[in-house]
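Just below is one structure, and these are the notes that go with it.
Just so it is clear, none of the values below were taken in a lab; they were calculated from the coordinates. These numbers come from a predicted model, not from an experiment. Heads up, the Cβs are rebuilt from the backbone with ideal geometry, glycines too, and the neighbour counts pull from every protein chain shown.
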Amino acid sequence: MATVNYKCPNCGGPLKFNPDKQMFSCEYCMSDFEDRIIQQMYAEQEARQSKAEKEENEAYAENSVQNDGDDVEDAVVYTCPSCGAEVVTTASTAATTCFYCQNPVVLGGRLSGKFKPDRVVPFAVSKEKAVEKFIEMCRKKWFLAKGFASKKQFEKLTGIYFPYWYIDTQRQADVTALGNKVRTYRVGSKRYTETSTYRLFRSGNLIIKNVFERALKSQDREMLQGVHPFDLSQAHDFSMSYLSGFQAEKRDLEKDDVYSAVQERIHEYATQLLEDTMTGFSAIRVESYNDKIDLESWNYTLLPVWIVTYKYKGKIYPFAINGQTGKTYGELPTSKGKLAVLFASVTAIVFVLAVLGGMLLL
Amino acid sequence: MMNFIGRISAALCTALLAFSSVTSAFAYGSYTLTDDAMLFDAAQTQKLEDMMQNLGEKTGWEIVVYTNSNYVDADDMEYYYNDYYDSEDFSDDCVMLVFDTGYDNRIINTYGDAMYYFSDERMDEIKSDMKPYLDSRDWYSATVQFLETTEDYFEQGKPDGDSFSNIEINESEKKAENPLLYVLSEYWIIFIVISLVAGASSVVFVYLRYKNHGKQGTYDLKSNSVTNLTQKDDVFLYKNVTVVNESTRSGGSSGGSNRGSSHGSSGSF
């Protein structure tokens, strides 16, 4: 397995992408480098090693097709370019850190050829800020279990680029629906309710952008979807250099694997958009929907997520922080004692208010 | 001058006496015998009045005996003569015996402190004591029996451990006496259920909020879409009209029934 190891042009120390500065930083000599400089320096090396990996990838892809349905994850051995140690990764790992010397290593071949992402959103939230955001979020959560919000929990916080499919579509769609208009009026002691039913037809050109779906089956789908939204206007053309200092996963879900689910969602969105133009009706029931795709583009995109899995009272909780916006996602453990206090307090307050209200209404 | 002072003194004494006599009338009880049905002769009336006066003074209650031919149904006796009690403005503490010879119904109503001397057991007892006389149309003896038994009950005092289901406390009196106690006693189950539901809902709400933290708002369709309508048709199909008759009556209720003063009753017998 060929690797790319980004080193400081000044001292040779490991280079990592710095989310705060949006530059590459050397932790040893404290130098900072703009991303275009590093990308130019390593362009040739990336291309050479990508080519070497291409055949290997294709062989892997074929193997994946043959083993479709198997849950076995292939283990892959690579050699750390810094210390020479043999390190084992999963087949989808595209960037990691050497377990022995802690140097960042990008497995270039994993993200080349047909597996080369179209774009990447670089990390904008550093690990320290991610922890801060998490602690800040915890402060507002009064019913969190005691001890959960400690910094120690988040020492293992890992920055990972996860693969996603992003779909932009332009299509002609039409919807037929039944809609009601209700009018109520009174004559003498009689109340009349007049319900007029209409057949509604809407046709139009729809542009729907940034529909996303995970491209990695080994991770919890809810978590990968829930960590959105990302601002795709901040996306860069893909360069492996952005992965330096973080982990990255390559996709293991192809377009065909998620196509029907994505189309279903786009149908829902398109129907919703056309329904939104049916104003003035109190009840709308869609009878039919048709569409014809004019344009559709699928972009393979890497998105930054800080992720940690923690164990609390025997249960494992995955937690994710959006590496671009700092949005937090994940199940939070609640304290049974605090919930009991909440229950008792609300019950007592409502009881007292009910009694006082009852007395006032006498 | 002395003559003037004497006159003033005499007037003051008279006023004082008049005031004290009124006060004592309230303090020592009184009686009212109304014999519209003419069941008693003059001698019986006199004897009954003497007995009623003595009983009234002894108990401090107003003793009422009322005979009539009003033809009140047995089911309505209690509330009809309860209204009569209210309209006549009898004393707060009162025992009233009514003979309605129209449909041959009788009833004993009690009020105020007197209610608590007439337990259900005593009501049954006094009715059975009077029954032989009533069966033989001996109204006078039945009334005497009623007065004597009432006196016995007063002397025995308020019974402990007996039931008092014959007593009906007026809703508004209950409310006015202790609104908190009234609300709690009447609606405590509803309040507890509402409170428990609110408490449980708050816990479920918090638990779900924590469980689903960050799941909302992952895709903003509005900011990620453009709609260019090319055709828009709204075709009328049909119309349905439903008609509901609405009552024109209006009004409200305080919530509880108000059927006159708080009272105890033997029920029609």
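For region B:24-169, the relative contact order is 22 percent, taking Cα pairs closer than 8 Å that sit 6 or more residues apart in sequence and dividing their mean separation by the residue count. Phi angles of region B:45-60 translate, via the Karplus equation with coefficients 6.51, -1.76, 1.60 and θ = phi - 60°, into HN-Hα couplings of 4, 4, 5, 5, 4, 4, 4, 5, 5, 4, 5, x, 5, 5, 8, x Hz per residue; Gly and Pro are given as x. When a/c is below 1.5 the answer is rounded, else prolate if a/b is larger than b/c, else oblate, so apply that to region B:24-169 with a ≥ b ≥ c taken from the square roots of the Cα gyration tensor eigenvalues. Rounded is the answer for region B:24-169, as its axis ratio a/c remains below 1.5. Just check chain A against the gyration tensor rule for me: Cα atoms, a ≥ b ≥ c as the square roots of the eigenvalues, rounded for a/c under 1.5, and otherwise prolate or oblate depending on whether a/b exceeds b/c. Judged from the Cα gyration tensor, chain A comes out oblate (a/c at least 1.5, b/c at or above a/b). The loop-placed GluC sites (Glu not before Pro) in region A:287-362, going by DSSP, include none that has at most 12 neighbouring Cβ atoms within 10 Å of its Cβ. Here region A:143-234 is assigned +1 on the Cβ of each Lys and Arg and -1 on the Cβ of each Asp and Glu. Its dipole about the Cα centre then comes out at about 600 debye. For region A:111-191, trypsin sites (Lys or Arg not before Pro) meeting the loop criterion (DSSP other than H, G, I, E, B) and having at most 12 other Cβ atoms within 10 Å: A:Lys140, A:Lys146, A:Lys156. A helix-only calculation puts chain A at -9500 deg cm²/dmol for mean residue ellipticity at 222 nm, using -39500 (n - 2.57) for each DSSP H run of at least four residues, averaged over all residues.
Net charge within 12 Å of A:Ala235 by Cβ-Cβ distance, Lys/Arg positive one each and Asp/Glu negative one each, not counting A:Ala235 itself? Counting the neighbours of A:Ala235, the net charge comes to -2. Each Lys and Arg contributes +1 and each Asp and Glu -1, all at the Cβ; summed about the Cα centre of region A:263-362, the dipole is approximately 980 debye. Taking every residue in A:228-241 and counting other chain Cβ atoms within 10 Å of its Cβ, the average works out to 1. The chymotrypsin sites (Phe, Trp or Tyr not before Pro) found in region A:227-330 include none that occupy coil by DSSP while having at most 13 further C-beta atoms within 10 Å.
With contacts taken as Cα pairs under 8 Å and at least 6 residues apart, chain A reaches a relative contact order of 23 percent. Note on chain A: with charges restricted to the Cβ of Lys and Arg (+1) and Asp and Glu (-1), its dipole about the Cα centre is near 2240 debye.
Over 23 Å apart at the Cα level, from the set A:Lys141/A:Lys313; A:Lys16/A:Lys255; A:Lys116/A:Lys311; A:Lys315/A:Lys336, are A:Lys16/A:Lys255; A:Lys116/A:Lys311.
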